[in-house]
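Engineer: Submitted below is the structure of interest, expressed as structure tokens.
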Amino acid sequence: MQAWLDCAPEWILNGPEWLADFGYQFFKSFIYDMRWYQYVEGLGNTLLLTFFALILGLVLGVMVALIRVSWDNTHQELNPGPGKFFLGLGNGISKIYLTVIRGTPVVVQIMIIFFVIMASSNNKLLAGIVAFGINSGAYVAEIIRGGIQSIDRGQMEAGRSLGFGYVATMRHIILPQAFKNVLPSLVNEFIVLLKETAVAGYVGLTDLTRAANIVRGVAYVDFLPLLGVAVIYLILVLFFTWIMGKLERRLRNSER
């Protein structure tokens, strides 16, 4: 209390009681004992977690989508042999992966990965990246798969008639168009992923939400720490939505 009285502006102390009380709550929540640093640390971990989980999710999602689409498009034409066997095996594993990951809560997945699968490493950030990356990959896979299936089949036939193989046609003709089509859905998935990282505190990782809970525990203030974190998340979502909107408009203009 004395620290607040020593640094508080006179116009707040001499103002209405509600203003002085709000200033004191704000001081305890963000300024006293450098508590703002908890939020900075949490923000850094949240951004790192989201960025690397997004990369892992994109890689997994594209791989799973390509396996499933390739099986759907070619399994009737392929002759029995190792190629068809491994493609079918990959398709079966992909279906199980999608069913399990999309059918279970992400908080359970991160706890299993940290406390069971990666129990010996004790690396909370790595466990979070793996868990959220695997979770995001399942949703990205279906988004990419839908984007590929939205491309007219004539595009594949045109590529093959030009001498491209299946892989080259998919890489140079189909996937670029599919990514443009599904960019809004990928942006939504990124925003969902950013907000889902709020449960990373279940394994002890200091993300934004856990930072607020730590401050709540020592400052005995509930509203302002949670409000501050909500505002930070909202600013992040609005910022990334704006960035992605500019990217989407630029891609549309490049098609003209």
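Just so you know, all these numbers are worked out from the coordinates, no wet-lab data involved. In this text the structure is predicted, and so the values were computed from the model without any measurement. Positions of Cβ are generated from backbone atoms using ideal geometry, with glycine treated the same way; all protein chains shown enter the neighbour counts.
Engineer: Compute the acute angle (0 to 90°) between the alpha-carbon long axis of helix 82-102 and the principal axis of greatest extent of the alpha-carbon atoms of the chain; round to the nearest 10°.
Structural biologist: Approximately 30 degrees, to the nearest 10.
Engineer: What is the sum of charges around Pro225, taking Lys and Arg as +1, Asp and Glu as -1, for the other residues whose C-beta is under 12 Å from the C-beta of Pro225?
Structural biologist: Working: positive: Lys28, Arg35, Arg210, Arg216; negative: Asp222.
Its environment carries a net charge of +3.
Engineer: Could you pull the Rg and Dmax for the range 193-256, using just the Cα atoms, both in Å?
Structural biologist: Cα radius of gyration and Dmax of the range 193-256 are 16.7, 57 Å respectively.
Engineer: Among Ile173, Ile113, Ile243, which comes first, then next, by fewest other beta-carbon atoms within 10 Å?
Structural biologist: Working: Ile173 18, Ile113 21, Ile243 11.
Result, fewest neighbours first: Ile243, Ile173, Ile113.
Engineer: Give the angle, between 0 and 90 degrees and rounded to the nearest 10, that separates the Cα long axis of helix 208-219 from the longest principal axis of the Cα atoms of the chain.
Structural biologist: Approximately 20 degrees, to the nearest 10.
Engineer: When the helices in the chain are scored as -39500 (n - 2.57) per DSSP H run of 4 or longer and the sum is shared across all residues, what 222 nm value do you end up with, to the nearest 500 deg cm²/dmol? Please report the intermediate quantities before stating the final value.
Structural biologist: Numbers: 12 runs with 192 residues, N = 256.
The helix contribution divided over the chain gives -25000 deg cm²/dmol.
Engineer: Another question, then. Among the lysines in the chain, how many pairs, 8 or more places apart or on different chains, have alpha carbons under 23 Å apart?
Structural biologist: Working: Lys84/Lys95; Lys124/Lys195; Lys180/Lys246; Lys195/Lys246.
Lysine pairs, 8 or more places apart or on different chains, close enough: 4.
Engineer: Something else: Can you give me the angle between helix 17-26 and the longest principal axis of the chain, using Cα atoms only, in degrees from 0 to 90, rounded to the nearest 10?
Structural biologist: For 17-26 against the chain, the angle is about 50 degrees.
Engineer: So what are the ³J(HN,Hα) numbers for the range 153-163, from phi and the Karplus equation (6.51, -1.76, 1.60; θ = phi - 60°), rounded to whole Hz, Gly and Pro as x?
Structural biologist: 4, x, 5, 5, 5, 5, x, 5, 5, 7, x
Engineer: Please quote Rg/Rh for the chain to two decimal places, taking the Kirkwood radius as Rh and restricting both calculations to Cα atoms.
Structural biologist: On the Cα set of the chain, Rg over Rh gives 1.14.
Engineer: Then there's this: Using modelled backbone amide H atoms (1.01 Å from N, in-plane), which distant-in-sequence or interchain residues come within less than 5 Å of Asp207's amide H?
Structural biologist: Amide H neighbours of Asp207, under 5 Å, 5+ apart: Gly201.
Engineer: Would you kindly derive the ³J(HN,Hα) couplings of the range 174-186 from the backbone phi angles with the Karplus curve 6.51 cos²θ - 1.76 cosθ + 1.60 (θ = phi - 60°), listing them in order in whole Hz, with x for Gly and Pro?
Structural biologist: 6, 4, x, 5, 5, 5, 5, 5, 9, 4, x, 5, 5
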